[in-house]
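Report on the following structure.
Each value in this text was obtained by applying a stated rule to the coordinates, not by laboratory testing. On a predicted model such as this, the values are computed, not experimentally measured, just so you know. All Cβ positions, glycine included, derive from the backbone under ideal geometry; neighbour counts span all protein chains shown.
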Amino acid sequence: MAAARTLLYLIAFFGGSVVHVVIAFLGSLFSVRLLRRAVRLWSGYQTFCARWILGVGIDIKGQIPAKQVLFALKHESMFEAIDMHRFFDYPAVVAKLQLAHIPLWGFAARRYGMIFVDRGGGARSLRQMVGQARQAIIDDRPIVIFPEGTRVRPGQRPPLQSGFAGLYKMLGLPVVPIAVNSATCFPRDGWRYFPGRITYLIGEEIPAGLPRDIIEARVHAGINALDREDAAVSNHNRG
């Protein structure tokens, strides 16, 4: 059953994504408003397909603050990367530079205002990231970063990428960590997806201005708060 649902989901979601990406690209040429709407509709379409084809529900625990903060998220699957554009209103999401080279999508993503980072670019890359993030603050957009840098398997807790601490220090914003256990339904290993519930656990706000070791420890703990449940369910699915 999981295999059949996965195949149907892949056909429906990626087939529909082509239409949304084309609309987003056209919007990026003629209308930023159309671009924003297309991206939000694409994000909602993913949720629709996950819900009605795979049987995936979403729970949100905690409250998203109304003021400007830096949101730091766990990254276990492609799901939350796309879902951010439904979860937040017009977010500036930090992403790896390679994604900007995807045909059509990359151009639209730049126009949308995603913050692309060259992980090997050193101080120059950090300055560019901070500059774009500051513009997002001026535009009153939420800033979203995946501080571990890449998708990880359930229970994995790699150290935070150095760019997070630099961004935190130079922006002077408080941080809200968000744990997510999307790999219980969208595991990185294998190709099958599974029904279940994806939980976003919104942590307590962490103040600005903390030393690097303290902010990294607190954010690391916050984004990994669902570790045990995540790993247990994922192991059950693989079995």
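Tell me the label-point distance for the pair M170, T150, using the 7 Å Cα-to-Cβ offset, in nm and rounded to one decimal.
Result for the modelled spin labels: 2.3 nm.
Please order I223, I53, I11 by the number of other Cβ within 10 Å, starting at the fewest.
Details: I223 24, I53 20, I11 12.
Ranking I223, I53, I11 by Cβ neighbours within 10 Å, fewest first, gives I11, I53, I223.
For the chain, modelled as a GNM with alpha-carbon contacts under 10 angstrom, which of I60, I143, I115 fluctuates the most?
I60
Given an 8 Å cut-off on Cα distances and at least 6 residues of separation, report the relative contact order of the chain as a percent.
Across the chain, relative contact order equals 25 percent.
Of I102, I206, I138, how do they rank once you tally other Cβ atoms within 10 Å and put the fewest first?
Result, fewest neighbours first: I138, I102, I206.
So I have (i) 29, 19, 17; (ii) 39, 22, 14; (iii) 27, 24, 15, and one of them is semi-axes √(5λ) of the Cα gyration tensor in Å calculated from this model. Which one is it?
(iii)
Roughly how far apart, in whole Å, are the Cα centres of region 14-69 and region 90-140?
18
At 18 angstrom or more along the helix axis (alpha-carbon based) and mean Kyte-Doolittle of 0.5 or higher, what helices does the chain contain? Whole DSSP H runs only. If you can, show how the numbers build up before the last one.
Details: long enough: 2-30 (41 Å, 1.81); 32-49 (26 Å, 0.07); 122-138 (25 Å, -0.08).
In the chain, the long hydrophobic H runs are 2-30.
Can you put E204, E80 in order of Cβ neighbours within 10 angstrom, beginning with the fewest?
Placing the least packed residue first, the sequence is E204, E80.
What's the FRET efficiency of A217 with I137 using the Cβ-Cβ distance as r and R₀ = 30 Å, to the nearest 0.05?
FRET efficiency, A217 to I137: 0.75.
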